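Inspection log for the structure reproduced underneath, given as structure tokens.
The values are calculated or read from the model by the stated rules, or taken from the named source; none is laboratory data. Just so it is clear, the structure is predicted and the values come from calculations on it, not from any experiment. Positions of Cβ are generated from backbone atoms using ideal geometry, with glycine treated the same way; all protein chains shown enter the neighbour counts.
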Amino acid sequence: MRFNENGRSMIEMLGVLAIVGVLSVGGIAGYSKAMDKYKTNQLIAQITEVVIGVRTLFTSQKSYAGISIPALLNTGAIPAIMRAGADESTAHHALGGQILIFPSTTATQSDGAFELYLTGVSESACKALVSIDWSQETSSGFMSMFVGSGYITDKQMEDVLTLADSNPAQGIYTAGSHDNGIPLSVAEAAIACDCPDIACTIGLKYR
């Protein structure tokens, strides 16, 4: 008597498992890339919202003297969703890093500008940020950008007063069409965002 054997051989099963494994790895990689892009877009939106919030809050003020994270959180210039839990003195951005802010200098006023910093920025997010023309709108107030690594405790762009004050050797880039002007080219962005500590610290100066 003959029996029909409908089972799968071990080789066939291993083949199926191999295909499933490849598809799973590809799916995870695709998901990770999509999430990274989503968080980067969130980060850009948060930066824009905070900058607009700060400039709006200080419209009637003579300077940015006294600017601080607690004050910006309490007035809503920094959205409550960016508050670090119950801590009313710390704010975090979409990538999980910390947000810092300092009053800064313009050519005519000691506290006529502010510097906004974001720690823990991934390399891909860094490349996206330095590739944006932050000064596209003439009324944006954008002055310069800092790209570095590690935690900072003070402003890094105090001496940036004009477009000529860029210093790529120190990670400082200013707006304009001159060499290393924001937005950076793809090649320049790759060099600027090659942070030794993996995560970059990004700063933006506005007047």
Item to complete: For residues that are hydroxyl-bearing (S, T, Y) and touching a Phe, Trp or Tyr at 6+ places or on another chain (Cβ under 8 Å), scanning just the stretch 63-115, find the one that is surrounded by the most Cβ atoms within 10 Å (Cβ to Cβ).
Response: S104
Fill in: Which numbered condition V147 misses (of (1) in contact (Cβ under 8 Å) with a residue 60 or more places away in the chain; (2) buried (at least 22 other Cβ atoms within 10 Å of the Cβ); (3) out of contact with any Leu (no Cβ under 6 Å at 6 or more places or on another chain); (4) not aromatic (F, W, Y))
(1)
Fill in: Scope the stretch 158-207; condition in a loop (DSSP other than H, G, I, E, B) and among the small types (G, A, S); matching residues
S166, G171, G176, S177, G181, S185, A199
Response to the item:
Within the stretch 153-190, the count of residues that are at pLDDT below 90 and either of a type outside the set (G, A, S) or at positive phi (or both) comes to 6
Response to the item:
Subset of the stretch 165-181, residues in contact (Cβ under 8 Å) with a residue 40 or more places away in the chain and within 16 Å of T201 (Cβ to Cβ), comes to Y173
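Mind telling me which of the residues T108, T162 ends up being free of Cβ contacts under 8 Å to residues at least 12 places away in the same chain and of a type outside the set (F, W, Y)? Walk me through how you get there before you give the answer.
Numbers: T162 fails: free of Cβ contacts under 8 Å to residues at least 12 places away in the same chain.
Selected residue: T108, the only one of T108, T162 that is free of Cβ contacts under 8 Å to residues at least 12 places away in the same chain and of a type outside the set (F, W, Y).
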Response to the item:
Of the residues in the stretch 194-207 that are hydrophobic (A, V, I, L, M, F, W, C) and modelled with pLDDT of 95 or more, the one that is nearest to L57 (Cα to Cα) is L204
Response to the item:
Across the stretch 36-84, the tally of residues that are part of a helix (DSSP H, G or I) and of a type in the set (K, R) stands at 3
Worksheet item: Across the stretch 165-207, which residue is surrounded by the fewest Cβ atoms within 10 Å (Cβ to Cβ) among those that are in contact with a Ser or Thr (Cβ under 7 Å, 6 or more places away or on another chain) and of a type in the set (D, E)?
Response: D197
